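Some notes on the structure that comes next.
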Amino acid sequence: MFAIRLPPGIEARLDALSKSTGRTKSFYVREAILEHLDELEDVYLAEKRLIGIRAGRRRTIPLEKVMKRRGLAH
């Protein structure tokens, strides 16, 4: 279990949603995390890889080469 601090405006919106639907605020926080965690992980991974590319520690692969490897090239 953990506690989070939200900006007052977000807290008010969450409280209003909770009251109008009869569901708990925890329900909606959980739903938001489950819905967006994959996206957040993807963004942070992409940012990390981009830093590596810009620093010369990683290479890029042309799309045509990737498609050919996967049998998608024409």
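The values are calculated or read from the model by the stated rules, or taken from the named source; none is laboratory data. Since this is a predicted model, take the numbers as computed values, not measurements. When we count neighbours, we look across all protein chains shown, and the Cβ atoms used for this are built from the backbone with ideal geometry, even at glycine.
Annotations
- Residue within the range 12-19 that is hydrophobic (A, V, I, L, M, F, W, C), more than 30 Å from ARG59 (Cβ to Cβ), out of contact with any helix residue (DSSP H, G or I) (no Cβ under 9 Å at 6 or more places or on another chain) and at pLDDT 95 or above present: yes
- Selection from the range 1-52 of residues that are surrounded by 11 or more Cβ atoms within 10 Å (Cβ to Cβ), within 21 Å of the chain's Cα centre (by Cα) and of a type in the set (Ser, Thr, Tyr): SER26, TYR28
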